[in-house]
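S.K.: Mind looking over this structure? Questions follow.
The values are calculated or read from the model by the stated rules, or taken from the named source; none is laboratory data. In this text the structure is predicted, and so the values were computed from the model without any measurement. Virtual Cβ from ideal backbone geometry, glycine too; neighbours counted across all protein chains shown.
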Amino acid sequence: MVCSIVVNGVSVRFDSARILDGVEFKVEKGEILGILGPNGSGKTTLLRCIARSVKPVSGRIAVFGRPIEEYTNEEYSKMVSAMLPNWPNGFSMKAYEIVLMGCRNRSKGLWWEGREEMKTAEEALRLLGALDLSDRDFDTLSSGEQRKILIAKSLAQRTEVILLDEPTAYLDLKHKFEVMNLMRSLAKLGKTILVSLHELELASYCDKLLILKGGKIVAAGRPRKVLSEKLLEKVYGIKAYVKWDESLNYPLIIPKNLGGRTVCSEKLISNRSS
Amino acid sequence: MWVDWKQKRLRLVIYLTLLSLFLGLALMISLMIGSYALSPSQVLEALFYPRDPVARNIVLNYRLPRTLLASVTGFVLGVSGGVIQSLTRNPLADPYIAGTASGAALGAAVAFLVPFLPLFAVPFFAFGGGLSAVLLSLLLARKAKAGPIGFILAGIAVGTFCSAVLMILLSLFSQRAHGILSWLYGSFSTSTWTKAKIVVPLSTPAVLYLLAKARDLNLLLFGEEHASQLGIEAERLWKFSLVVSSFAVSVCISFSGIIGFVGLVGPHMVRLIVSSDNRFVLPLGGFTGALMLLLSDILVRSPVNPFGEIPVGAITSMIGVPFFAYLLWRRGEKFGM
């Protein structure tokens, strides 16, 4: 089996903070790897390393056996597409024009997008169920709608590897499931998908999970194995029951208590100055 | 989306045709107007069937190079303004943001002040000053690693420094300040074929390059990180477009002097009226700039103008500001990139 992505001892530091610390894993072609972990555990940074926007201080990453720094931008854009969260607003472009930007990597025309590119963009929008948004101004869309457009943009790049940073954030319940189902069908077609998630239940759609905490891998493996009561307590610090629905192969996570509610100190809410 | 995609090209063609018609009209008027007024037929005669040697001399040797220089300078400023606004992702940016203008002004001032230097050395000094200011800002910003904002700040620093030195020079050599000041205000009154033959061949390839990159510059709007992931050599494109547009601007203003406002407002007029897609902003902004500058220059030398030769830059602002204010007033909510 060809490994799509091999990450070897990758560490990232911003100033003195260790964001990633010796992360190592492999993803095979046609697999979905879910990356889980609390806020600040390094999920996004890991994806940005593979997307080549963050340079690790040490370690190597290879995509289809070739170190990622050897690709030109154009070659890489045909191999790996990324949906990263910091897409800027404020340029008054239509949603479909954003999706068309994904087609730039294979574009033959210098100036205008061709009919082929329009078809690709249309197909990507259709897969996300976002065709009706295509003529709307991107800036006027809701966060969830923008998310869908940005995922469509990544799909329009037609790459082997797709990196998605919290694609289900801001989406409603139905679209969360639809996006995860879409990933499954893309994986069936041989695409390799790396996805960071906050919804532990949705992680059951993945083939493998990678649990990060403090920039280190604390657990990895199949969702049924990894998602356990012990892990939840260790990683998120919450006590919960994890029950698997056997027919759906979907976990139910029920907290054992609702947590010691944080009590605001008098000082914070008092109007009097002291 | 298909409808919009098809209409886009049509819209561009329509606007381009409209603007080139206007520009053609302005070119004609520009050749007619002056202290020796000519009729359209006289102009055409002078151009194609020379009979009247006086008219031919005026049109060919004075008005044609002046018209050409004014429109090319306007075009370059309009295109560069759009490019620099995209590169810095800042709607307030103009072609001079990297210190081009202050650098060129300082260069010109030095040329005026160095003894025994012929007058034709001024543009070369101005060009050198302008381009070195840009390269210096680029170097500073590279050290700062702060992206577009860092570059803008570096440009402000370099520009301010150049202006300060210029002020000192002006006050030290106040008896020679008039020559420098009149250059600073910008004028096409001394246009010759020699100048046109330098400006046009140098700025044309630069403008063509920038126009060709319009689509990739759209991607660059979303930042180097995203543009790279979409397959653009973003860093190279950023630097190259910056240097190329600053080069073209430096070439133009080293002959015409500092002409403000066109480069800032030309692209915004297109954004407010048509679209903020660079494939519209750059070419249409160029035409708008050319039109603005040519009309201003016509006004400067028209017999209607009671003030004699006043700086063309001032006229540009005089007629440009009300129109721009109107646009802001009516469509202000669309203002931005």
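S.K.: Can you tell which of A:ASN73, A:ASN86 is facing another protein chain (nearest Cβ under 7 Å) and out of contact with any strand residue (DSSP E or B) (no Cβ under 7 Å at 6 or more places or on another chain)?
M.R.: Numbers: A:ASN86 fails: facing another protein chain (nearest Cβ under 7 Å).
Only one candidate qualifies: A:ASN73.
S.K.: Restricting to the range B:1-52, count the residues that are more than 14 Å from chain A (Cβ to nearest Cβ), hydrophobic (A, V, I, L, M, F, W, C) and touching a residue at least 12 places away in the same chain (Cβ under 8 Å). I'd like the intermediate steps shown before the answer.
M.R.: Quick first cut of the range B:1-52, residues more than 14 Å from chain A (Cβ to nearest Cβ) only: B:14-15, B:17-52.
Of the ones still in play, those that are also hydrophobic (A, V, I, L, M, F, W, C) are B:14, B:18-19, B:21-23, B:25-29, B:31-33, B:37-38, B:43-44, B:46-48.
Cutting the leftovers down to touching a residue at least 12 places away in the same chain (Cβ under 8 Å) gives us B:19, B:22-23, B:26-29, B:31, B:33, B:37-38, B:43, B:46-47.
Looking only at that region, the number is 14.
S.K.: Identify all residues within the range A:122-172 that are under 23 Å from A:LEU194 (Cβ atoms), part of a helix (DSSP H, G or I) and among the hydrophobic types (A, V, I, L, M, F, W, C); write none if there are none. Outline the logic, then answer.
M.R.: Kept after step one, since they are under 23 Å from A:LEU194 (Cβ atoms), are these residues of the range A:122-172: A:123-125, A:127-130, A:143-144, A:146-171.
Now narrow it down to the ones that are part of a helix (DSSP H, G or I): A:123-125, A:127, A:143-144, A:146-156.
The answer is A:ALA124, A:LEU125, A:LEU127, A:ILE149, A:LEU150, A:ILE151, A:ALA152, A:LEU155, A:ALA156.
S.K.: What tally of residues in the range A:94-106 results from selecting those that are at the interface with chain B (Cβ under 7 Å from one of its Cβ atoms) and of a type in the set (A, V, I, L, M)? First the steps, then the outcome.
M.R.: First, the residues of the range A:94-106 that are at the interface with chain B (Cβ under 7 Å from one of its Cβ atoms): A:94, A:96, A:101-102, A:104-105.
Okay, now just the ones that are also of a type in the set (A, V, I, L, M), so A:101.
Number satisfying all stated conditions: 1.
S.K.: When A:MET118 is evaluated against the numbered criteria (1) away from every other protein chain (no Cβ under 14 Å); (2) in a helix (DSSP H, G or I), which criterion, by number, is the only one it fails?
M.R.: (1)
S.K.: Scan the range A:38-45 and tell me whether some residue there is within 11 Å of chain B (Cβ to nearest Cβ) and without any contact (Cβ under 8 Å) to a residue 12 or more places away in the chain. Show your work before the answer.
M.R.: Going through the range A:38-45, the residues within 11 Å of chain B (Cβ to nearest Cβ) turn out to be none.
No: the range A:38-45 contains no residue that is within 11 Å of chain B (Cβ to nearest Cβ) and without any contact (Cβ under 8 Å) to a residue 12 or more places away in the chain.
S.K.: Are there any pairs, at least 6 apart or on different chains, whose C-beta atoms fall under 7 Å, with the first in the range B:110-135 and more than 22 Å from B:SER191 (Cβ to Cβ) and the second surrounded by fewer than 24 Cβ atoms within 10 Å (Cβ to Cβ) and at pLDDT below 90, and if so, which?
M.R.: B:LEU113/B:PHE173; B:LEU113/B:ARG176
S.K.: Just to be sure I understand, how many residues within the range B:226-274 are of a type in the set (D, E, K, R), assigned to a helix (DSSP H, G or I) and either more than 30 Å from B:ARG331 (Cβ to Cβ) or in contact with a His (Cβ under 9 Å, 6 or more places away or on another chain) (or both)? Step through it out loud before you land on a result.
M.R.: So in the range B:226-274, the residues of a type in the set (D, E, K, R) come out as B:233, B:235-236, B:239, B:271.
Narrowing further to those that are assigned to a helix (DSSP H, G or I): B:235-236, B:239, B:271.
Those left that are additionally either more than 30 Å from B:ARG331 (Cβ to Cβ) or in contact with a His (Cβ under 9 Å, 6 or more places away or on another chain) (or both): B:235-236, B:239.
Selection size over the range B:226-274: 3.
S.K.: Okay, moving on. Could you tell me whether B:LEU211 is surrounded by 22 or more Cβ atoms within 10 Å (Cβ to Cβ), touching a helix residue (DSSP H, G or I) at 6+ places or on another chain (Cβ under 7 Å), part of a helix (DSSP H, G or I) and more than 7 Å from every other protein chain (Cβ to nearest Cβ)? Before you say what the answer is, go through the steps one by one.
M.R.: Values: surrounded by 22 or more Cβ atoms within 10 Å (Cβ to Cβ): no; touching a helix residue (DSSP H, G or I) at 6+ places or on another chain (Cβ under 7 Å): yes; part of a helix (DSSP H, G or I): yes; more than 7 Å from every other protein chain (Cβ to nearest Cβ): yes.
Criteria not met by B:LEU211.
S.K.: From the list B:LEU242, B:LEU230, which residue is within 7 Å of chain A (Cβ to nearest Cβ) and surrounded by 19 or more Cβ atoms within 10 Å (Cβ to Cβ)? It would help to see each step written out before you state the result.
M.R.: On the way: B:LEU242 fails: within 7 Å of chain A (Cβ to nearest Cβ).
From the options B:LEU242, B:LEU230, the qualifying one is B:LEU230.
S.K.: Out of B:PHE222, B:PHE255, report the one residue that is among the aromatic types (Phe, Trp, Tyr) and more than 14 Å from chain A (Cβ to nearest Cβ).
M.R.: Numbers: B:PHE222 fails: more than 14 Å from chain A (Cβ to nearest Cβ).
Answer to the check: B:PHE255.
S.K.: Read through the list (1) within 14 Å of chain A (Cβ to nearest Cβ); (2) crowded, with 21+ Cβ neighbours inside 10 Å; (3) at pLDDT 90 or above; (4) farther than 29 Å from B:THR190 by Cα, then give the number of the only condition that B:PRO267 fails.
M.R.: Exception for B:PRO267: condition (4).
S.K.: Here's a follow-up. Tell me, yes or no, whether the range A:187-197 has at least one residue that is of a type outside the set (D, E, K, R), touching a Pro at 6+ places or on another chain (Cβ under 9 Å), part of a loop (DSSP other than H, G, I, E, B) and within 30 Å of A:MET79 (Cβ to Cβ).
M.R.: Of the range A:187-197, the ones of a type outside the set (D, E, K, R) are A:187, A:189-190, A:192-197.
Cutting the leftovers down to touching a Pro at 6+ places or on another chain (Cβ under 9 Å) gives us A:195-197.
Filter once more, keeping what is part of a loop (DSSP other than H, G, I, E, B): A:197.
After this cut, where a residue has to be within 30 Å of A:MET79 (Cβ to Cβ) as well, the list is A:197.
Yes.
S.K.: Could you list, in sequence order, the residues of the range B:283-304 that are more than 20 Å from B:THR17 (Cβ to Cβ) and of a type in the set (Val, Ile, Thr)? I'd like the intermediate steps shown before the answer.
M.R.: At the first step, the residues of the range B:283-304 found to be more than 20 Å from B:THR17 (Cβ to Cβ) are B:293, B:296-304.
B:ILE298, B:VAL300, B:VAL304, listed by residue number.
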